[in-house]
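Every number in this text was worked out from the coordinates using simple rules, so none of it is lab data. These numbers were taken from a predicted model, which means no experiment stands behind them. Backbone-built Cβ (ideal geometry, glycine too); neighbour counts: all protein chains shown.
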Amino acid sequence: MLSRVKTMSEAVRLVQDSQMLAVGGNALHRTPAAFCHELAKLERKELKGVGAAPGYAMDVLCASGSISEVFFGFFGFENEYGLAPGMRKGIQEGLIKAIEGS
Amino acid sequence: MKYGPAEMMVIALAREIIKSDLVFHGLASPVPMTAMKLAKALGTDFTYINITGGVDPDWHKPAVVGSTLSQNLYEGGVANFGLEEIFDLACNGRVDISMLSLVQISPRGEINMSFVGGDYDKPKVRLPGGAGSATLIPVTKKSLIWKTKHDLKSFVSDVAFCTAKANPNNQFRVITNLCIFSLKDNRLEVESIHPYSSLEEVKSNTGWEITQENLPYTDAPSELELALIEEVDPNRIRYIEF
């Protein structure tokens, strides 16, 4: 029988350059942090990230240079943890295109 | 009992909630969260919805962290009502109050949450974005915009970018650490000044001209309101925003 169970390092290899990736959770809550840590190591290019209120997990991918375009309503860590540094640097340097929606 | 801007803002927001209202706030909202709990503790019979999907969470349990995505806003609730359903409800005109914030605001009720300096594609400072503001403000019966730091950086004659805009046909109030504004004839007018502030202080921290005179003070917090804030927020999570 086909098993869909994979190790994290196998699972992240399903993601290829230029694909669009939806990342769940909001800000620092329920985000797939371990998956994004592992994916960041692959140094994929031109990924398009999608989330309602992306935070830590998506920011790791922004900081690793994997993301070229990001769709969001709010992108940050909330309150005392502030703004997302990877996203900010990428957008401010013109390396990441921001598609802000509501 | 002593009080400051945090208590005054929580109380001003809570006083806006009346019987049978359906009221929403999102993430990064410790002051609105405390206001919702205070209104519950005061006995106002309303429905509290929030970004976690919890409906009327148990307000007796105090929050221990500043995030308003935490289990404290879900546990003990009467139903699960997801964010996408909240947006549908709002677009059907059935949300009475949304509590939202700002980075910059103009006298016409234009709110910027997107960036300052440079342009959209290469901003000097990229901000987090308006979240649900652009959808919710036009369709909510009463938008309550809160800002804990009323200053010339935030209260500007023109915003760098308009992320969301007040709907002149609906109610729109801005509650700050100094005063309360209300949108009248498409312009923000001071409705009342908090007892510890003054018209001079409001004027010198607002980037557009205020020509109003002889303005009333906001009713000072009652002993009951102050006592109940301590009861619903003993860990003083509300101060995270100040």
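Placing unit charges on C-beta atoms (Lys and Arg positive, Asp and Glu negative, everything else neutral), compute the dipole magnitude of the stretch B:60-136 about its Cα centre in debye, rounded to 20. Walk me through the intermediate numbers first.
Values: 6 positive and 8 negative charges, 65 e Å.
Using only the charged Cβ atoms, the result is roughly 320 debye.
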Requested in this report: Starting from the Cα gyration tensor of the stretch A:18-100, take the square roots of the eigenvalues, sort them a ≥ b ≥ c, and report rounded, prolate or oblate (rounded when a/c is under 1.5, otherwise prolate if a/b is larger than b/c, else oblate).
Outcome: rounded
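Using Cα pairs under 8 angstrom and six or more residues apart, how large is the relative contact order of the stretch B:100-148, in percent? Intermediate values should be presented prior to the final figure.
Numbers: 49 pairs, mean separation 18.2, N = 49.
Taking the mean separation of contacting Cα pairs over the length of the stretch B:100-148, I get 37 percent.
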Query raised in the report: What dipole magnitude, in Debye to the nearest 20, does chain A give about its Cα centre under +1 on Lys/Arg Cβ and -1 on Asp/Glu Cβ?
Result: 300 debye
Report summary line: For B:Lys61, the aspartates and glutamates lying under 16 Å Cα to Cα, once residues fewer than eight places off in the same chain are dropped, come out as B:Glu75, B:Glu230, B:Glu231, B:Asp233
Query raised in the report: Can you give the net charge of the other residues whose Cβ lies under 14 Å from the Cβ of B:Ile105, counting K and R as +1 and D and E as -1?
Result: +3
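Would you mind working out the magnitude of the charge dipole of the stretch B:123-233 relative to its Cα centre, with +1 at each Lys and Arg C-beta and -1 at each Asp and Glu C-beta, to the nearest 20 Debye? Kindly include the intermediate steps, with their values, before the conclusion.
On the way: 12 positive and 15 negative charges, 176 e Å.
It works out to roughly 840 debye.
Rounded, prolate or oblate: pick one for chain B, where a ≥ b ≥ c are the square roots of the eigenvalues of its C-alpha gyration tensor, a/c under 1.5 means rounded, and failing that, prolate if a/b is larger than b/c, else oblate.
Because a/c hits 1.5 or more and a/b fails to exceed b/c, chain B counts as oblate.
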Query - Reachable aspartates and glutamates from A:Lys6, criterion Cα separation under 16 angstrom, eight or more residues apart if same chain - result: A:Glu38
Query raised in the report: Looking at B:Asn92, B:Ile229, B:Leu136, which one has the Cα that reaches farthest to the positive end of the dipole of chain B (charges on Cβ: Lys, Arg +1; Asp, Glu -1)?
Result: B:Leu136
Report task. Pull out the extension gain between B:Asp45 and B:Glu75, defined as 0.36 nm times the separation in residues minus the alpha carbon to alpha carbon distance; nm, one decimal. Result -> 8.9 nm
Query - Potential lengthening between B:Glu230 and B:Ser198 on full extension [0.36 nm per residue; Cα-Cα distance subtracted] - result: 8.9 nm
